[in-house]
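Nothing in this text is a laboratory measurement; each read-out follows from the coordinates by a stated rule. For clarity, every value in this text was computed on a predicted model and none was experimentally measured. Note that each Cβ is placed from the backbone with ideal geometry, even for glycine, and that neighbours are counted across all protein chains shown.
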Amino acid sequence: ELNSLPIRKRAAYLVQQHIELYNNNELVINIMTFLSKPNNIIYANKLLFRVADLIWGIIGDKSTDFNFYSKRTLLSYVYKTTLLYWVNDESENKQETWLFLERRINDVMKLGKIKQNIPNPIKDIKKLPFIRLIFNH
């Protein structure tokens, strides 16, 4: 059933499922406190990237270019901010967290639309007369 959903819904569902595995705010707070110490920042980012990579792998992402990293970086942001929201959410069944997650996914989708409207800077720079001289030699 997961594969029949749009990618944004799959990502949101998988983030939610992963966060719900914790089921203990105090434990998550302790882990986040430990990982936020200066000596652990690199390790924390590796863990976060692995979670994002796992989720993209389940979704079926096969990108190997720059998109591989940008997708995982953006999903890491979504995951991290949602987890922080989840820890403090006192709403029934964490409903406010899942609405927050949807908003973050929508924000990321907006970035994709903005990116499509940005011209290719390298291609445009190469059109400048003095740059053409450099690239033509």
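To the nearest 0.05, how large is the calculated FRET efficiency for E90 and N67 if R₀ is 35 Å and r is the Cβ-Cβ distance? That gives a FRET efficiency of 0.40.
Highest mean packing first, where packing is the average number of other Cβ atoms within 10 Å per residue, the peptides 18-27, 74-83 line up as 74-83, 18-27. Checking the cross-link pairs K71/K110; K71/K94; K37/K80; K37/K94; K37/K71; K9/K110 against a 19 Å limit on the alpha carbon distance flags K71/K94; K37/K94; K37/K71 as lying beyond it.
Note on region 1-107: dipole from Cβ charges, positive end direction compared against Y85, F100, G60; the farthest Cα belongs to G60. Note on region 42-102: percent of Cα-Cα distances in each 5 Å bin, starting at 0 and stopping at the bin with the largest distance, equals 4, 18, 23, 20, 17, 12, 4, 1, 0. Put a dot 7 Å past the Cα of Y43, heading toward its Cβ, do the same for L99, and the two dots end up 3.7 nm apart. In terms of packing, defined here as the mean over residues of other Cβ atoms within 10 angstrom, the peptides 58-65, 100-107 line up highest first as 100-107, 58-65.
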